[in-house]
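Peer 1: Submitted below is the structure of interest, expressed as structure tokens.
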Amino acid sequence: MYKSLLAIFTCVCSLAFAQTDTLYSKKTDSVTVTSKKPFIQTLADKVVMNLENRPSVAGNNALEALKQAPGVVVDANENIQMGGKNGVQVLLDGRPAGVGGSDLAQLLKSIEADNVKEIELITNPSSRFDAAGNAGIINIKLKKSMVRGWNGNASASWQQSIHARQNASAALNYRNRKFNWFLNAGGNNGYQVTIADNDRTAGAKQFTQRMLEGDAFHSYNIRTGIDYQLSKQKTIGMLWMPSSRYTGMDNRGFTLVSGKGLTDTLIDTRSVSPFTTKRNQLNLNYAYNSDQQTLNIDLDQSWFNAGVDNVVENKFPQLPGNAVAQGIRNNTEVAIRITSVRADYSLKLGGGKLEAGAKWVQTATNNQLSVYNGTTAWVADTGKTNRFVFDEQITAAYASYAMQHKKWSWQLGLRAEHTSVYGVSTDLKGLQQRKPDTAYLNLFPTVFVKYQLAKDHAITFNYGRRIDRPGYQDQNPFIYVLDAFNSEVGNPYLFPQMSNGAELGYVYKEAASIKLRYAFTSNYIEQLTYQSGNNTILIPQNAGTRKTVNINISSPLPFNKWWEGYFYAEPFWQQYATTLNGFGFSGQTKQQSWGFNGYLGNWFTLKNNWRAEISAWFNYQNATTIYRSQPLGSMNIGVQKSFMKKQASVKLVVNDVFNTQRWLQRVETDYLQMRTYRKWESRNLTLSFSYRFGNNKIRAARSRETGAEDELSRIKSK
């Protein structure tokens, strides 16, 4: 059966590529023949999209180019997934983007696809990268400036759903003989309302909650730097990445408490949460490059500050005067400082390439939660007010060797990471809890092998071990009250989760592929829901183990010169063995399910500089620890017109045409049955304008890396 499926897959790919072989086109000039790089290359340790000389990306930005990347899905809310997973690390020239969510989307929109050399898709990072994360890495490598002078681009968009949102971004670049300066900046502003319904049964009581979450937001992000060439082989540089985001949440609704033999109780709730986050990252870099060896040294300093002053007011409408039954105020301040030093060295040796390096990073966090209760005056809650100080140090070293011999190419690597963590929680009474307090050493081997069966056919295999450390705020033992019946609490006893994964794949023309992957995760971290009295409490815990089996099928579809497509399908099986322990309940449960992630994109190049796009994605229901999610999907349609010699373009897009994006999840345990429904303003009409100016031959800054991408990804922006 496997051989039959493989034969059908190869036949379909052959028919698609046969109409226009963009992967192996050649250019002849006199007696010299040069071969153009294929659009998509599957190497031993990564997949590479080569955007140079790719006419279809003209007029697009980096975010739009990602939609054509194998295994990558950009949904209508501009969230980026890879291999069906969230939490992808996006790097620009090897360094972290410094922002996430909608701010990341704005940053990528400010980068023209014409300025992108290639996009690296790394589902199983080598030993050179931090061992954290299992969703993978997307590294966007920008072209180097070759011509002196200025260039840039600017774009703006208006998005209309029930409410409106606005976005704007710009990029500038200047280069002379030895000096290069670059700037990317973006901002957004908007408002949306999310329907948030929650129905649950705990014992004899039923809780029916209906909420409307109002979210007013605005943000900005800047990425600017300077490179100076000391000589042909030596370069120094500085990069500064500040960003800020404000979210003014105003949630209103009611909860009806009912049950057999009980008097119905109705509670009105309003929760006002102005939330501000600020990030700052400064990087200093030295790079040495020669034909035989390279050396890259990075010094990073990052600061993260966040503050929220949340006031929750609960009222009983049936009481005289609509009296306030309960008032709660949570004032939270978070300060995180990350210091990192990193060095990477490579050497051509014995017909292959040796890489080695080391990294040291220290993270210091200071969290202050002040909780007050009251109806007419605020009184400090001594049991919940708390200060949490957390310190973490990671020392890492790695080595890897890669080589190619005839039809074989392979890479072996080993990374060692020693971690020490220490946390102290102090309440108003001076009582302290010294957790977490531990140190551990882990080894992370990686193996990548590729065998070229024939010109168009290859077999790949990779294996790697990964770690996911708890988020900094997740280890904070604060109790945070969301409303009258819902709270969150941190867990200082969390251990990192460890994953082992292996993948076997078949690749056709370095582009189309079918891959089988198995992964096992221990100490799996999940935010579990418990019932305590009338309240639900969310707490991150080491829930148990996870097993997954994925079949990944992906292929570009170059139907002809004016129609290109991309197809991605991932059926999967997963099993969770979960241990529940907390708030008076303990037990074990096991859930397994089949699921599916799929994406289909179509891009049409029409006459008179018109382009069109139709894309759709779909996620089938699946079960995890105690949760079971319902299917979710969306279809998007867009048209684009270029003018002014293709320097300017206008684009009109309808996102989520059928308004199918909504979140529906169920929990069924011995102590709780709960249904959660969320619907946001996903269907919208977006009108955008972009303009490129200056010397179009100028590209962006040189490729260089940073040492703090792993630690930055563990900061919660919300």
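Peer 1: Output the Cα-based Rg and Dmax of the stretch 108-200 in Å, rounding Rg to one decimal and Dmax to a whole number.
Peer 2: 19.3, 67
Peer 1: May I pose another question? Starting from the Cα-Cα distance between Leu256 and Glu668, subtract it from 0.36 nm times their residue separation and give me the gain in nm to one decimal.
Peer 2: Going from the current span to full extension adds 146.3 nm.
Peer 1: Counting helices only, and only those DSSP H runs with n ≥ 4, report the 222 nm mean residue ellipticity of the chain as the sum of -39,500 (n - 2.57) divided by its residues, in deg cm²/dmol to the nearest 500.
Peer 2: Only helices count here, giving -1500 deg cm²/dmol.
Peer 1: Show me the trypsin sites (Lys or Arg not before Pro) within the stretch 443-495 that DSSP assigns to loop and that have at most 16 other Cβ atoms within 10 Å of their Cβ.
Peer 2: Those satisfying the criteria are Lys455.
Peer 1: While we're here: Would you tally the net charge around Ala519, using a Cβ to Cβ cut-off of less than 10 Å, leaving Ala519 out, and scoring K and R as +1, D and E as -1?
Peer 2: For residues surrounding Ala519, the net value is +3.
Peer 1: Now a separate question. Residues of the stretch 627-652 with backbone nitrogen within less than 20 Å of a virtual label 7 Å along the Cα-to-Cβ line of Asn659, please, listed as ranges.
Peer 2: Residues 631-638 fall inside that zone.
Peer 1: Arrange Asp93, Asp437 by Cβ neighbour counts within 10 Å, fewest through most, would you?
Peer 2: If I rank by nearby Cβ atoms, fewest first, I get Asp437, Asp93.
Peer 1: Taking the stretch 528-569 as the region of interest, what is the percent of Cα-Cα pairs per 5 angstrom bin, listed from the shortest bin to the one with the maximum distance?
Peer 2: The percentages, shortest bin first, are 5, 13, 12, 9, 8, 7, 9, 9, 9, 8, 6, 3, 1.
Peer 1: Alpha carbons only, please: Rg and Dmax for the stretch 548-672, in angstrom.
Peer 2: Taking only Cα atoms of the stretch 548-672, I get Rg and Dmax of 21.2, 69 Å.
Peer 1: Hey, another quick one. Calculate the FRET efficiency for Glu333 and Tyr191 from the Cβ-Cβ distance with a Förster distance of 30 Å, rounded to the nearest 0.05.
Peer 2: The pair Glu333/Tyr191 has a calculated efficiency of 0.70.
Peer 1: With a cut-off of at most 12 other beta carbons within 10 Å, and DSSP calling the residue loop, which trypsin sites (Lys or Arg not before Pro) in the stretch 155-197 qualify? Please list them.
Peer 2: Arg177, Lys178
Peer 1: Which stretch or stretches of the stretch 191-235 have amide N atoms under 20 Å from the point lying 7 Å from Lys178's Cα along the Cα→Cβ direction?
Peer 2: Zone members listed by number: 225-235.
Peer 1: Follow-up. Rounded to the nearest 0.05, what FRET efficiency do Lys406 and Gln588 give with R0 = 60 Å and r taken as the Cβ-Cβ distance? Could you check?
Peer 2: Taking R0 as 60 Å, the efficiency between Lys406 and Gln588 is 0.70.
Peer 1: Extent of the stretch 107-262 along each principal axis, from alpha carbon coordinates, in Å, largest to smallest?
Peer 2: 84, 40, 23
Peer 1: Let me see the pair-distance distribution of the chain: every alpha carbon pair, 10 Å bin width, integer percents in order.
Peer 2: Reading the bins upward from 0: 3, 13, 23, 27, 20, 10, 4, 1, 0, 0.
Peer 1: Add +1 for every Lys or Arg and -1 for every Asp or Glu among the other residues with Cβ under 13 Å from the Cβ of Gly71, and state the total.
Peer 2: With Lys, Arg at +1 and Asp, Glu at -1, the net is +2.
Peer 1: Here is a follow-up. Using 7 Å Cα-to-Cβ label points, what is the Ala358/Lys641 separation (nm, one decimal)?
Peer 2: 6.1
Peer 1: How much net charge surrounds Val312 when only the other residues with a Cβ under 15 Å from the Cβ of Val312 are counted, with Lys and Arg +1 and Asp and Glu -1?
Peer 2: Around Val312, the charge tally is -3.
Peer 1: Could you compute the FRET efficiency for His457 and Arg148, with r as their C-beta to C-beta distance and R0 at 35 Å, rounded to 0.05?
Peer 2: FRET efficiency, His457 to Arg148: 0.20.
Peer 1: On to the next question. Hey, what do the phi angles of the stretch 473-483 turn into as Karplus ³J(HN,Hα) couplings, whole Hz, using 6.51/-1.76/1.60 and θ = phi - 60°, x for Gly and Pro?
Peer 2: 6, 5, 8, 7, x, 5, 9, 10, 7, 8, 7
Peer 1: Holding the Cα-Cα limit at 24 Å, pick out from Lys278/Lys651; Lys67/Lys117; Lys348/Lys406; Lys141/Lys406 the pairs that are longer than that.
Peer 2: With Cα atoms farther than 24 Å apart: Lys278/Lys651; Lys141/Lys406.
Taken together, the values in this text are just the output of simple stated rules run on the coordinates, not laboratory data. The shown structure was predicted, so the numbers you read here are calculated from the model rather than taken from an experiment. Backbone-built Cβ (ideal geometry, glycine too); neighbour counts: all protein chains shown.
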